[in-house]
Every structure is written in structure tokens, then in C-alpha cells.
Amino acid sequence: MLNEKQVLAIVPVGRTTLYRMEKSGRFPRSTYISPNRRVWFEDEIVAWQNLVDEFDPRRGRGRQR
């Protein structure tokens, strides 16, 4: 299980973008393990990374797309 800080270190987006992606279904859902502790499963993050890389490995970031 990965906490928010660990996920943000792996995924090159900001916190708000991460939550927007999660809400829209473009990123794996987090799970609350206590009222104030949210985690993501590492295997789901790795699977998402592989899916994104397979989709377009030359994808750009930001406005230069």
C-alpha cells in the first residue's frame, strides 16, 4: 500500500490533478484504511503505468502536446 506522498513521487502530477484523475476514472481509486488515512494499492498503480505507457510511450506533457 502506498500513501499519497509515495504515489505523488511515482506519478508525475500534482495532488489536485491526481484527485481529478481518480474522480474521472482515469486513475486507480484510493481506499481509506482509517478515517484520515488514504492509500493506493501498488499493483494497481504499476498496472496503470503500464497501460498508459502502452497507450502512447511518446506522449508529451503540458501545453506542448
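The values are calculated or read from the model by the stated rules, or taken from the named source; none is laboratory data. Predicted, not measured: the structure shown is a model, and the values here were computed from it. Note that we place each Cβ from the backbone using ideal geometry, even for glycine, and neighbour counts take in every protein chain shown.
For Asp56, the criteria (1) modelled with pLDDT of 90 or more; (2) more than 13 Å from the chain's Cα centre (by Cα); (3) surrounded by fewer than 10 Cβ atoms within 10 Å (Cβ to Cβ) hold in every case but one, which is (1).
Selection within region 35-53: residues that are assigned to a helix (DSSP H, G or I) and either more than 16 Å from the chain's Cα centre (by Cα) or of a type in the set (A, V, I, L, M) (or both). The member of this set that is modelled with the lowest pLDDT is Val52. If the condition is being assigned to a strand (DSSP E or B) and surrounded by fewer than 13 Cβ atoms within 10 Å (Cβ to Cβ), then region 1-32 contributes Thr31, Tyr32.
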